[in-house]
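As structure tokens, the structure follows; a few thoughts come after it.
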Amino acid sequence: MEPSFIPLAFERVSPEESRHRARRFLAQMLRRRTVREFSSEPIPMDAVDAAIQAAASAPSGANRQPWHFVVVCDPDVKRRIREAAEAEEREFYERRATPEWLADLALLGTDWHKPFLETAPCLIVVFRIDYEPARLDDGTERIHKNYYVHESVGIAVGFLLAALHSAGFATLTHTPSPMAFLAQILDRPRQEKPYVLIPVGYPAEAARVPDIQKKALDEVRDIV
């Protein structure tokens, strides 16, 4: 099959405008913090949908787009997710985590209790899709593998977090391990694997966050 191409829609701006946009985006993202204390106040779901569309615009290996986003608003489903997540997290904190890991987590004040999984008005569960099943004319099933799945989904999640923050929402990236319970509760097909669980909403009125610092530019960037 011959590839099809269309003209690139690209906005060329001046160096001054580039600096202005980059600094404005930097200032906005520096205000983003991981939140564990959410308000139960509803949020506009069309804004959440727009953020997911932005995430789904991310580049991916061979344009396979190996992701699926499940938005959970039902209180009963959120409760089931919390119960399963807390069971895994309790096992982690009490049995699986190394002393060094626990010491690092202590600086953030976290433990196995995850009330935000019920309090936040919605949860976005991001699934990675390792392959796509296809039914051939003879009735047999063929597996079409996806490429660079972890890298592609990671980029999409980065887009999603930035879009949700830009829309005025607080978020948290939650990765209880293992996460197979998410596929079971949400009845996802076998080719989909949970990647990250993101509570979304407004922060609680008295929300507090750890007093932490990010590395300076010269610690994370070299010019060669």
>> If I build a Gaussian network model for the chain, linking alpha-carbon pairs within less than 10 angstrom, which residue out of Gln213, Gln28, Gln191 has the largest mean-square fluctuation?
In response: Gln213
> Once phi is turned into θ = phi - 60°, what whole-Hz ³J(HN,Hα) does the Karplus curve with 6.51, -1.76 and 1.60 give for every residue of segment 31-48, x standing for Gly and Pro?
Replying inline: 7, 6, 9, 5, 10, 10, 10, 10, 7, 8, 4, x, 10, x, 6, 5, 5, 5
> Which of Leu160, Leu108, Leu117 moves the most in a Gaussian network model of the chain with Cα springs under 10 Å?
Replying inline: Leu108
> Mind listing which chymotrypsin sites (Phe, Trp or Tyr not before Pro) in segment 77-161 are in a DSSP loop and have 16 or fewer other Cβ atoms within 10 Å?
Replying inline: Trp112, Tyr148
>> What's the whole-number percent of alpha carbon pairs in segment 136-196 lying beyond 16 angstrom?
In response: 63 percent
> Going out from 0 in 5 Å bins, what whole percent of all Cα-Cα distances in segment 44-142 drops into each bin?
Replying inline: 2, 10, 14, 13, 14, 15, 15, 10, 4, 2, 1, 0
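In the P(r) worked out for segment 97-154, what percent of Cα pairs fall beyond 13 Å?
In whole percent, the share of Cα-Cα pairs in segment 97-154 beyond 13 Å is 77.
In whole Å and largest first, what semi-axes does the C-alpha gyration tensor of segment 105-224 yield when each eigenvalue is scaled by 5 and square-rooted? Walk me through the numbers before you get to the answer.
Details: eigenvalues 219, 92, 36 Å².
The equivalent ellipsoid of segment 105-224 has semi-axes of 33, 22, 13 Å.
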> Just from the alpha-carbon atoms, what are the Rg and Dmax of the chain in angstroms?
Replying inline: 20.0, 61
>> So, taking all protein chains as they sit and a 1.4 Å probe, how much accessible area belongs to Glu151, in Å² rounded to tens?
In response: 110 Å²
>> Can I get the semi-axes of segment 1-95's equivalent ellipsoid? Compute them from the C-alpha gyration tensor as square roots of 5 times the eigenvalues, in angstrom, largest first.
In response: 36, 23, 16
> Relative to the present Cα-Cα distance, how much length would full extension add between Tyr131 and Ala167 at 0.36 nm per residue of separation?
Replying inline: 9.8 nm
> Sequence-distant or interchain residues sharing an amide H contact under 5 Å with Tyr195, placed H: which?
Replying inline: Val126, Phe127, Arg128
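I'd like the per residue volume of the convex hull spanned by the Cα atoms of segment 155-224, given in cubic angstrom.
Output value, Cα hull per residue: 183 Å³.
Return a single number: how many Lys pairs in segment 110-224, at a sequence separation of 8 or more or on separate chains, have alpha-carbon atoms below 30 angstrom apart.
Details: Lys114/Lys193; Lys114/Lys214; Lys114/Lys215; Lys145/Lys193.
Taking segment 110-224 as the scope, the lysine pair count is 4.
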> Most mobile of Glu37, Glu86, Glu100 per a Gaussian network model of the chain (Cα springs, under 10 Å)?
Replying inline: Glu100
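The values are calculated or read from the model by the stated rules, or taken from the named source; none is laboratory data. For clarity, every value in this text was computed on a predicted model and none was experimentally measured. FYI the Cβ positions are ideal-geometry reconstructions off the backbone, even for glycines, and counts take in every protein chain you see. We work out accessible area using only protein heavy atoms, side chains counted, and drop any ligands, DNA or RNA first. Shrake-Rupley method; radii C 1.70, N 1.55, O 1.52, S 1.80 Å.
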